[in-house]
Amino acid sequence: MMKKLGSESNDNLNYKVYLEERKLLVDAAREGARSFDKTILALASGAFGLSLTFIKQISPNIKSEIVYLLICAWIGFCISLLSTLISFLTSQSACLKQIEILEAEHFSNQSNHDKEANLRNMASAYTRGLNILSISAFIIGVIFLAIFSISNLLP
């Protein structure tokens, strides 16, 4: 009996340690996502400003045959900004859906098939996809802006 009681106490302690570690990891993931979004917004906005400054002050006589590079860069930055902003909305939806999933897991008497259908969090997948699109579009924008800038600075 004492051995069983000690085992349950040890299991409870292990579970508490698990929950605390899980909470720390969730908080770290949340902070990482928040930092990613802020960084992408700041960088993409800054790149827009930088490209405008480049055109106005550094190289006001841009070569017309390569202006398409600047347009491609701006499109990349726009896609990056828009996908980041949309990901804010899908992230909120993902959190609300996850609450529903947790409630369904703990308070519902549904069959396993019904539970599996309700446990999919598509908003979370959309958010991940939008974040990948955001960083990809930003990188493409930076590449096009760099090529455009270098091409205009060369004689």
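The values are calculated or read from the model by the stated rules, or taken from the named source; none is laboratory data. If you're wondering where the values come from, they're calculated on a predicted model, not measured in any experiment. Here the Cβ is made from the backbone with ideal geometry for all residues, glycine too, and neighbour counts use every protein chain on show. For accessibility, only protein heavy atoms count, side chains too; no ligands or nucleic acids. Shrake-Rupley method; radii C 1.70, N 1.55, O 1.52, S 1.80 Å.
Among Ile79, Ile99, Ala44, whose Cα lies farthest out toward the positive end of the dipole of segment 14-104, if unit charges sit on the beta carbon of Lys, Arg (+1) and Asp, Glu (-1)?
Result: Ala44.
When the accessible area of segment 33-155 is split by element with a 1.4 Å probe, what percent falls to carbon and sulfur?
Exposed carbon and sulfur together represent 68 percent of the surface.
Using a 1.4 Å probe, how large is the accessible area of Val67, given in Å² and rounded to the nearest 10?
Roll a 1.4 Å probe over it and Val67 shows about 50 Å².
As a test of reading the structure, rank Lys56, Lys38, Lys23 by solvent-accessible area (1.4 Å probe, protein chains only), most first.
Lys56, Lys38, Lys23
Name the most mobile residue of Phe138, Phe107, Phe48, meaning the one with the largest mean-square fluctuation, in a Gaussian network model of the chain with Cα contacts below 10 Å.
Phe107
Between Tyr68 and Ile132, how high is the FRET efficiency from 1/(1 + (r/R0)^6) when r is the Cβ-Cβ distance and R₀ = 25 Å? Nearest 0.05.
Values: r = 25 Å, r/R0 = 1.01.
After rounding, the FRET efficiency stands at 0.50.
For the chain, what is the accessible area per residue in Å² when the probe is 1.4 Å?
Result: 71 Å² of accessible area for each residue.
Can you count the Lys pairs in the chain with C-alpha separation below 22 Å, eight or more apart or on different chains?
Total qualifying Lys-Lys pairs in the chain comes to 4.
Give the separation of the Cα centroids, segment 141-155 to segment 48-93, in Å.
Segment 141-155 and segment 48-93 have Cα centres separated by 13 Å.
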